[in-house]
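Here the structure comes first, spelled out in structure tokens, and everything after it is commentary.
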Amino acid sequence: MAREAMEYDVVIVGAGPAGLTTAIKLKQLDPNLNVCILEKGSEVGAHILSGNVFETKALDELLPNWKSEGAPVKTKVSKEKFLFLGKNSSLSWPTWLLPSVQKNHNNYIVSLANLCRWLAEQAEKLGVEIFPGFPASEVLYHEDGSIKGVATLDMGLDKEGNKKDTYQEGMELHAKVTVFSEGCRGHLGKQLIKKFNLDDGKDPQQYGIGLKEIWEVSEQQHQEGLVMHTAGWPLDSKTYGGSFIYHAENRQIYLGYVIGLDYQNPYLSPFDEFQRFKTHPSIRKMFEGGKRISFGARALIEGGIQSLPKMFMPGALLIGCDAGTLNMPKIKGSHTAMKSGIVAAESIIENIKNKADLSIYEKKFKESWAYKELFTARNVKPSFSWGLILGIIFTGIDQILFRGRMPFTLKHKHADHEALKPASQMPKIEYPKPDGKLTFDKTSSVYLTGTNHAENQPVHLRLKDPHLPINYTLKEYDEPAQRYCPVGVYEIQKEKFVINSQNCIHCKTCDIKEPSQNITWVAPEGGGGPKYGNM
Amino acid sequence: MKILVAVKRVIDYNVQIRVKDDGSGVHTDNVKMSTNPPDDNAVEESVKLKESGKVKEIVAISIGEDKAQESIRKALAVGADKGIHVKADSYIEPLGIAKILKKIVEKEKPDMVFLGKQAIDDDCNQTGQMLAAMLSWPQATFSSKVNLKDKSVEIVREIDEGLETIEVNLPAVVSCDLRLNEPRFASLPNIMKAKKKPMEQLNAKDLGLDLTNRIQQIKVEEPPKRKAGIKVANVAELVSKLKNEAKVL
């Protein structure tokens, strides 16, 4: 029997900054279009996690009156610092020596989750239908192979896939154009990139994992508007990464750590590096006596234009970080994601009204300021594969002297999952025990994310070969899933590989970093996953 | 037959509650809110009774700020027919809520009022009982099984001694336990249809009731942190610690 279907002009998958922007722009251009957004989180914002120092360029274009309309974009950056950390030392880097892409004085410290909630309100006012708690789980095709829409997940299945009393069949949503805006490593976007060979001739995509905590500190420790970044300790010079420390409103500090997922040592644990980072004498004093109130993690795109796939296919577009529009040296992706959403909406209108081919989307995006920005940023991340020092020297020359216009483009040579070296060749890392005040374990951290998945549902972290973790990955790499997962979903217990999928915070790191690409992340039952507040 | 089912919007049960620094309450800004879980069970049971043909109409009511309408819409999306939102911008105690519900009952004339056994935010477990007393209706609380008959309703209650089965005459107030059923998911088309179902809007202030709170909240605090345990070498040490340190012997 055919599933029930609903017809729309445009169906958008994912209510992040890119998807919401597309929806708003579409309705601004043509209020009569039927537009809906599917969102896997229990509400808009529940799965949004970002630094975030926000550049308003795209928001200015989309909703010029955002200030008077009450957008939660309020804390202007007032001061900037950059520190190089040694084990016990720190060296403050003069801000005038920072490349202009890392200067933030016109930007705002925001909670992207709150900004998305506000964008969702604006979209709903314009008549966009948003359905939180409904993950798109399947791409639907016309007979000619073009994309027809998506289907939502069947709900109410038990672990073995049998129907429970609450079973409800998924629905089909058909659209003239389907827009995929799932964010970094979207599980449908990944399938589409493969099926339509969208990454042909591109470098392998590069990813990072970003971990974030929100702290409430004393007035003395707080300086609203301060933006600080660090590089160096505790990472070795071969590992790409660094921290961000943003002083937001209400005595809160957004503290985070980003590590490139091209790291080599299978013993490295991004979560524990982040915890250890806080024990540095220059950092510790910023948080001592304060209270950690939120925790979360999410993978992010680092590949830039070398890895940016083709962004269109018959009947559908890839936008934001589902394609990969983040600007790595700027450490920002919200503004470029939103710009890709604006361009996508303009292209869809031309497609629906004038039958223009969807390829105009990529053409227009390449003419936009967002792409120009990504172009000048392109050589920074690959230069760090030579190590921290050479990376910094090269970036200085490339970004300050040449402003990103050097006559060549460096390549990303390997996919992140190929970067791990066998455990036997790498040193073990002993991480200090958490003290429960400044540093924490994974259990107490996942508790803060509000994560839950309905019990007795099919495991949404699928193994292609269920024996591989024990038979190969454990022997060769000491099963790094135990460490790269920031919330301890994967454990080895008595020679058994255990998947605690209930704890999954949808960061997608396992899907990226598993050395044999044996783990596939698929959408769990709607509403599952973290319930982030103002991340 | 007609059912009035009461739903309350509370902080989602998965969210870690944060107490405000000044002890005046808990943080609710940007916190995920949901319908009180046992209220979902009450809605589900009402819908089941409607599906079985025993009930004709379900009216869902919520009392609270504008966003309480989300809980009503959710009830409408799984099968309630009409919503009533009684707007109240500040906290109202169970007594006040019971008074408002009584007023609505007098107007709507349901045969049964269904509600959750308690709300997970204040855990009062009082509203249903107070409402029954004020209406002079029978009450059946903590129901984990409901068998609706023509003029009465048979209820199974989970109590300390085991299962208790009682039968009360209609009209009655019935409060639900989490074990009563497993609430269904709202489907997309039904969520859309729910947006078009009628929702009456009233203001608590206009009902002519004395809703003054009787209880003064002095302070909200986090429960004390549990101290780490220790390992003892032998029974003698255990006894000595229980006696001299814990002072429980």
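Every number here is computed from the coordinates shown, using simple stated rules; none is lab data. The structure displayed is predicted, hence computed values, not measured ones. Cβ atoms come from the backbone with ideal geometry, glycine included; neighbour counts cover every protein chain shown.
Computed over chain B, relative contact order equals 24 percent, with contacts defined as Cα pairs under 8 Å that lie 6+ residues apart. Give, as a single signed number, the net charge of other residues whose beta carbon lies under 12 Å from the beta carbon of A:THR376, with Lys and Arg counted +1 and Asp and Glu -1. Residues near A:THR376 contribute +3 overall. When the C-alpha to C-alpha distance is required to be over 27 Å, the pairs from A:LYS57/A:LYS190; A:LYS212/A:LYS437; A:LYS238/A:LYS278; B:LYS8/B:LYS50 that qualify are A:LYS57/A:LYS190.
Look at where the Cα atoms of the stretch A:164-228 and of the stretch B:5-59 average out, and the two centres are 29 Å apart.
Determine the calculated [θ] at 222 nm for chain A from helices alone, applying -39500 (n - 2.57) to every DSSP H run no shorter than 4 residues and normalising by the residue count; nearest 500 deg cm²/dmol.
-6500 deg cm²/dmol
Cα centroids of the stretch A:312-370 and the stretch A:81-112: 30 Å apart. Computed from the C-beta positions of A:VAL459 and A:ILE429 and an R0 of 30 Å, the FRET efficiency is 0.55 to the nearest 0.05.
Remark: the stretch B:164-180, residue by residue, has Karplus-estimated 3J(HN,Hα) of 10, 10, 10, 10, 10, 6, 8, x, 8, 9, 10, 10, 10, 9, 5, 7, 4 Hz, where x stands for each Gly or Pro and the curve is 6.51 cos²θ - 1.76 cosθ + 1.60 at θ = phi - 60°. Within the straight-line cut-off of under 28 Å between alpha carbons, the lysines reachable from B:LYS247 are B:LYS225, B:LYS227, B:LYS231, sequence neighbours fewer than 8 places apart in one chain being disregarded. Shielding value for B:14-20 is 5, the average number of Cβ atoms from other chains within 10 Å of each residue's Cβ. Note on the stretch A:165-216: dipole from Cβ charges, positive end direction compared against A:TYR167, A:VAL177, A:PHE196; the farthest Cα belongs to A:PHE196.
Every Cα-Cα pair of chain B was included, and the share exceeding 27 Å stands at 42 percent. Extending 7 Å from the Cα toward the beta-carbon at both A:LYS159 and A:SER78 defines two label points whose distance is 5.4 nm.
The distance between label points at B:SER136 and A:ASP30 comes to 6.5 nm (points 7 Å beyond Cα on the Cα→Cβ vector).
Kindly provide the trypsin sites (Lys or Arg not before Pro) of the stretch B:140-228 that DSSP labels as loop, not H, G, I, E or B, and whose Cβ sees at most 10 other Cβ atoms within 10 Å. In loop regions of the stretch B:140-228 (DSSP not H, G, I, E or B), the sparsely surrounded trypsin sites (Lys or Arg not before Pro) are B:LYS151, B:LYS196, B:ARG214, B:LYS219, B:LYS225, B:ARG226, B:LYS227. Fully extending the segment from A:ILE397 to A:LYS363 would add 9.2 nm, taking 0.36 nm per residue of separation and subtracting the current Cα-Cα distance. For the stretch A:186-196, 3J(HN,Hα) computed residue by residue from phi via the Karplus equation (6.51, -1.76, 1.60; θ = phi - 60°) reads x, 6, 7, x, 4, 5, 5, 4, 6, 4, 9 Hz, glycine and proline entered as x. Place a label point 7 angstrom from the Cα of A:LEU97 along the Cα-to-Cβ direction, then list the residues of the stretch A:221-244 whose backbone nitrogen is under 17 Å away. From the stretch A:221-244, the list is A:229-233.
Counting only DSSP beta bridges whose two residues both lie in chain A, roughly 70 percent are antiparallel. Estimated purely from DSSP H runs of n ≥ 4, each contributing -39500 (n - 2.57), the mean residue ellipticity at 222 nm for chain B is -8000 deg cm²/dmol once divided by its residues. Over chain A, Cα pairs under 8 Å with separation of 6+ residues give a relative contact order of 21 percent. The three principal axes of the Cα atoms in the protein assembly as shown give end-to-end lengths of 86, 84, 55 Å, sorted in falling order. Rg/Rh for the stretch B:1-103 (Cα atoms only, Rh after Kirkwood) is 1.02.
Across the stretch A:388-412, the residues whose backbone nitrogen lies under 18 Å from the label position 7 Å along the beta-carbon direction of A:HIS105 are A:400. Contact order, relative form, for the stretch B:150-231: 15 percent (alpha carbon pairs under 8 Å, 6 or more residues apart, mean separation divided by residue count). The simple Förster model, with R0 at 22 Å and r as the Cβ-Cβ distance, assigns A:ASN250 and B:ASP22 a FRET efficiency of 0.95.
With R₀ set to 41 Å, the beta-carbon distance separating B:TYR13 from A:HIS142 gives a calculated FRET efficiency near 0.45. From the square roots a ≥ b ≥ c of the eigenvalues of the alpha-carbon gyration tensor of the stretch B:48-156, which class results: rounded (a/c under 1.5), prolate (a/b over b/c), or oblate? Oblate.
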